[in-house]
Amino acid sequence: MALFSKDIKTLNDLFVHTLRDVYYAENKIARALPEMADKATDAQLKDGFQTHLRQTRDHVTRLERVFQLIGEKAKGVDCPAIDGIIDETDEVTGDVDKKEVLDAALIAAAQAVEHYEMARYGTLIAWADELGYRDCVPLLKQTLEEEKATDQKLTRMAEQTLNQRAA
Ligand SMILES: [Fe+2]
Ligand SMILES: [Fe+2]
């Protein structure tokens, strides 16, 4: 479906569409993270993926709450962007031979996911604010903060240990 199809007429329509997009993305991420945790060889990285899986389940629940607050049914809409990031992760990690390099590849992939989420939540917060959905803003902000913290944690792991180990 084209993003700017005739179904989307107002900022509110766009907000709902983007909410569905990120709802689909979070569910997809929740399915991808166990496999990423399995593939990771570094214990800290493995643990990080498991922790973020638990947070991701909360993100799904929070989005359901947001849908409820605006009187919409919680449902997803295909998000080719997250599908692409996850497909690329599978392809690249499937091609990596050395386990240390695999960990570096997994971190890079996970950070692409986090940045996608950060972009989406940043936009949703701005639109919720504009549309007067005051109760939705703190829920979306809470998730955004967790995505940012995860991204920073991944950067620290990469820069302090795992990149050097892979080199
Ligand atoms: Fe998330
Ligand atoms: Fe995330």
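The values are calculated or read from the model by the stated rules, or taken from the named source; none is laboratory data. Predicted model, so just to flag it, every value in this text is computed and none were measured. Quick reminder, even Gly has a Cβ in these numbers, built from the backbone with ideal geometry, and neighbours come from all protein chains shown. These area figures cover heavy atoms from the full protein model, side chains too; ligands, DNA and RNA do not enter into them. Shrake-Rupley method; radii C 1.70, N 1.55, O 1.52, S 1.80 Å.
Summary table
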quantity	calculated
Cα→Cβ-extended label distance, 7 Å offset, between Ala74 and Arg31, nm	1.7
Normalised contact order of the chain, rounded percent, pairs of Cα under 8 Å and 6 or more residues apart	26
Normalised alpha carbon radius of gyration of the chain [divisor 2.2 N^0.38 Å]	1.10
The stretch 1-86 shape via C-alpha gyration tensor axes, a/c threshold 1.5	oblate
Label point distance in nm, Ala108-Thr161, each placed 7 Å from Cα along Cα→Cβ	2.1
Size of charge dipole - the chain - debye, nearest 20, with Cβ of Lys, Arg +1 and Asp, Glu -1, no other charges	480
Those aspartates and glutamates that a straight Cα-Cα span of less than 20 Å connects to Lys75, excepting residues fewer than 8 apart in one chain	Asp7, Asp13, Asp21, Glu26, Asp58, Glu64, Asp83, Glu117, Asp135
Fully extended contour minus Cα-Cα distance, from Leu14 to Asp90, at 0.36 nm per residue	24.3 nm
Accessible area of the chain belonging to carbon and sulfur atoms, whole % at 1.4 Å probe	49
Calculated diffusion of the stretch 37-102, Stokes-Einstein form, Kirkwood radius summed over Cα pairs, 37 °C and 0.692 mPa s, µm²/s	228
Accessible area per residue in Å² at 1.4 Å probe, computed on the stretch 4-134	51
Whole-angstrom gap from the stretch 21-77 to the stretch 110-154, using each part's C-alpha centre	13
Spatially proximal lysines relative to Lys46 (Cα-Cα < 22 Å; intrachain offsets below 8 disregarded)	Lys28, Lys98, Lys99, Lys148, Lys153
Charge dipole of the chain about the Cα centre (unit charges at C-beta), most positive-ward option of Val77, Gln142, Asn27	Gln142
Helix axis angle, 80-95 relative to the chain longest principal axis, alpha carbon, degrees	10
Nearest-ten-degree value, helix 43-69 long axis tilted from longest Cα axis of the chain	10
The stretch 98-166 shape via C-alpha gyration tensor axes, a/c threshold 1.5	prolate
Backbone N within the stretch 134-167 under 15 Å of label point (7 Å from Glu100 Cα along the Cβ vector)	158-167
